[in-house]
Amino acid sequence: DAGITQSPRHKVTETGTPVTLRCHQTENHRYMYWYRQDPGHGLRLIHYSYGVKDTDKGEVSDGYSVSRSKTEDFLLTLESATSSQTSVYFCAINGDSNEQFFGPGTRLTVL
Amino acid sequence: QKEVEQDPGPLSVPEGAIVSLNCTYSNSAFQYFMWYRQYSRKGPELLMYTYSSGNKEDGRFTAQVDKSSKYISLFIRDSQPSDSATYLCATSNNAGNMLTFGGGTRLMVKP
């Protein structure tokens, strides 16, 4: 168990509403990541963080923002959710040898 | 063309068979190679992590990397029904910080 929790685990929301997903780690690791997983596309990187207040964009960052005010928490925000953002969202952290460990996922449905 | 290609399957084998799962990649800068196992509705779980070319063995699992042909493989010996899952390959050129995933291969091991 890599000590990663995600909340909520499931969420249904309506188009145009803001949504925030939370990733919490107990391992004190520097790097944290947000991915989305969709059929036919595999896992794609949305944003990542390399320290408190230090973040950068990934492959599919449009429509998403992130924040990291504490080492242990990495938040993903959909400012105005769209149906194309219906997906399963995974948070990940880097281990001691730079391998990545994943959280349990958040299943988001945007109606 | 995707940077990492993986046959989506499904691959169905009888219990006890040797399973071969494969990925090809296009970026010659990739040096780190990972295999993840993902059960339905769960997060990906790291199985194998290798650097550069060669083989790495862990129990019933062997990871093989051939950088000259940009080909990575995962072999599972004495496959069990509990091995039924989706297997994802991932690559990186900088110690795992920015992973590029294949789309995953679904494996079914029948008793």
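The numbers here are math on the coordinates, done by the rules we state, and not lab data. These numbers come from a predicted model, not from an experiment. Methodologically, a virtual Cβ is constructed for each residue, glycine included, from the backbone with ideal geometry; neighbour enumeration extends over all protein chains shown.
Points worth noting:
- Restraint check, A:Lys53/B:Lys42; B:Lys2/B:Lys67; B:Lys2/B:Lys110; A:Lys57/B:Lys2, Cα-Cα greater than 21 Å: A:Lys53/B:Lys42; B:Lys2/B:Lys110
- A DSSP coil position with no more than 11 other Cβ atoms inside 10 Å describes the following trypsin sites (Lys or Arg not before Pro) in segment B:12-111: B:Arg41.
- Along each principal axis, Cα extent of segment B:1-106, largest first, Å: 37, 27, 22
- Summary value for chain A: 36 percent relative contact order, contacts being C-alpha pairs under 8 angstrom separated by 6+ residues.
- Assigned charges on the beta-carbon of Lys, Arg, Asp, Glu; chain A dipole about Cα centre (debye): 220
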